[in-house]
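Take a look at the structure below.
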Amino acid sequence: MKKFLPALLLILGSVATAQAQLLPGFEVGLKGALNFSKFKSDGKYFNSDNKAGYQAGLYGRVGVLGFHVQPEVYLTGKNTKVTNSEGESTDVKFTTVDIPVLLGKRFGLGPIGARIQTGPIFSFKVDDKQDSPIANLDPNSYKKNGTAWAFGVGADISSLRVDLRYEMGLNKVNNESQANPKINMWSIGLGYRLFSIL
């Protein structure tokens, strides 16, 4: 009996945890991230150096059967230094409101789990700044919105959320540039679940 009771409790706990994973769930939380952005161009128009930026905002997650949809909204600072083929350099800074809509799969039961995620990111420019005009990069011709595609991995540890992502720019950010510059970005983020409904 002494051996049977702990085994029974373990089985019941495992079944309850698995059942919780199968039921629909919803959560909302805060998130922040450090990012590193650079321009990618067609041909050899530009070299671009990664510079640090930030992200700060909210995320939500709706999941069932281990899969989830995770919409987010956050303010993003994207910074890079661009040097063109003629040796001219300038710093470029963007402030955008970004709205990712990610589809993900969670692995693991209970409060600890790992995730993979992918999906589009829709960006809306709030401000841009370019220190000086250079060839093939007109500071007055930046687009007001853009789209990227994100690939990421993450971990859930109780209420903490850790994310590593790569965002690949899908459209050029400057209308007048022959180089068709796009923004690619790495980010590492930390989130905190404010509340959840299982």
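What's the FRET efficiency of Phe67 with Val28 using the Cβ-Cβ distance as r and R₀ = 25 Å, to the nearest 0.05?
On the way: r = 18 Å, r/R0 = 0.73.
For Phe67 and Val28, the calculated efficiency is 0.85.
Over segment 141-195, what is the mean sequence separation of C-alpha contacts under 8 Å (at least six apart), divided by residue count, expressed as relative contact order in percent?
Numbers: 101 pairs, mean separation 19.9, N = 55.
Normalised by residue count, the contact order of segment 141-195 is 36 percent.
Under 1.5 on a/c is rounded, so check that first for the chain, then, if it is not, pick prolate when a/b is larger than b/c and oblate when it is not; a ≥ b ≥ c are the square roots of the alpha carbon gyration tensor eigenvalues. Numbers along the way, then the final one.
Numbers: a/c = 3.37, a/b = 3.10, b/c = 1.09.
Verdict is prolate for the chain.
Do the sum for the chain: with -39,500 (n - 2.57) for every DSSP H run of n ≥ 4, divided by all residues, what is the mean residue ellipticity at 222 nm, to the nearest 500 deg cm²/dmol?
Numbers: 1 runs with 19 residues, N = 198.
Taking each H run of at least 4 residues, the total per residue is -3500 deg cm²/dmol.
Report the accessible area of Phe151, computed with a 1.4 Å probe over the heavy atoms of all protein chains in place, in Å² rounded to the nearest 10.
Accessible area, nearest 10 Å²: 100 Å².
Any idea of the accessible area per residue across the chain, 1.4 Å probe, to the nearest Å²? Can you show the working numbers first?
On the way: 10790 Å² over 198 residues.
Per residue, the chain has 55 Å² of solvent-accessible surface.
In the chain, which longest range has no trypsin sites (Lys or Arg not before Pro) that are both DSSP loop (not H, G, I, E or B) and surrounded by at most 11 other Cβ atoms within 10 Å? Write out the running numbers ahead of the final one.
On the way: sites that count: Lys2, Lys3, Lys44, Lys144.
So the longest stretch without any such site is 45-143.
Quick check: residue separation of Ile197 and Lys144 times 0.36 nm, minus the Cα distance between them. What number comes out in nm?
Working: separation 53, 0.36 × 53 = 19.08 nm, distance 3.66 nm.
So the extension gain works out to 15.4 nm.
For the chain, which whole percent of the accessible surface, found with a 1.4 angstrom probe, sits on carbon and sulfur atoms? Walk me through the intermediate numbers first.
Working: 7180 of 10790 Å².
Ligands and nucleic acids excluded, carbon and sulfur reach 67 percent.
On the full set of protein chains, 1.4 Å probe, figure out the accessible area of Thr83 and give it in Å² to the nearest 10.
That residue has around 40 Å² of solvent-accessible surface.
Excluding Asn47 itself, calculate the net charge of residues whose Cβ lies under 12 Å from the Cβ of Asn47, where each Lys or Arg counts +1 and each Asp or Glu counts -1. Don't jump to the answer; show the numbers that get you there.
On the way: positive: Lys38, Lys40, Lys44, Lys81; negative: Asp49, Glu86, Glu88.
So the environment of Asn47 carries a net charge of +1.
The values are calculated or read from the model by the stated rules, or taken from the named source; none is laboratory data. Keep in mind it's a predicted model, so treat the numbers as computed, not measured. When we count neighbours, we look across all protein chains shown, and the Cβ atoms used for this are built from the backbone with ideal geometry, even at glycine. The accessibility values were calculated without ligands, DNA or RNA, using every heavy atom of the protein model including side chains. Shrake-Rupley method; radii C 1.70, N 1.55, O 1.52, S 1.80 Å.
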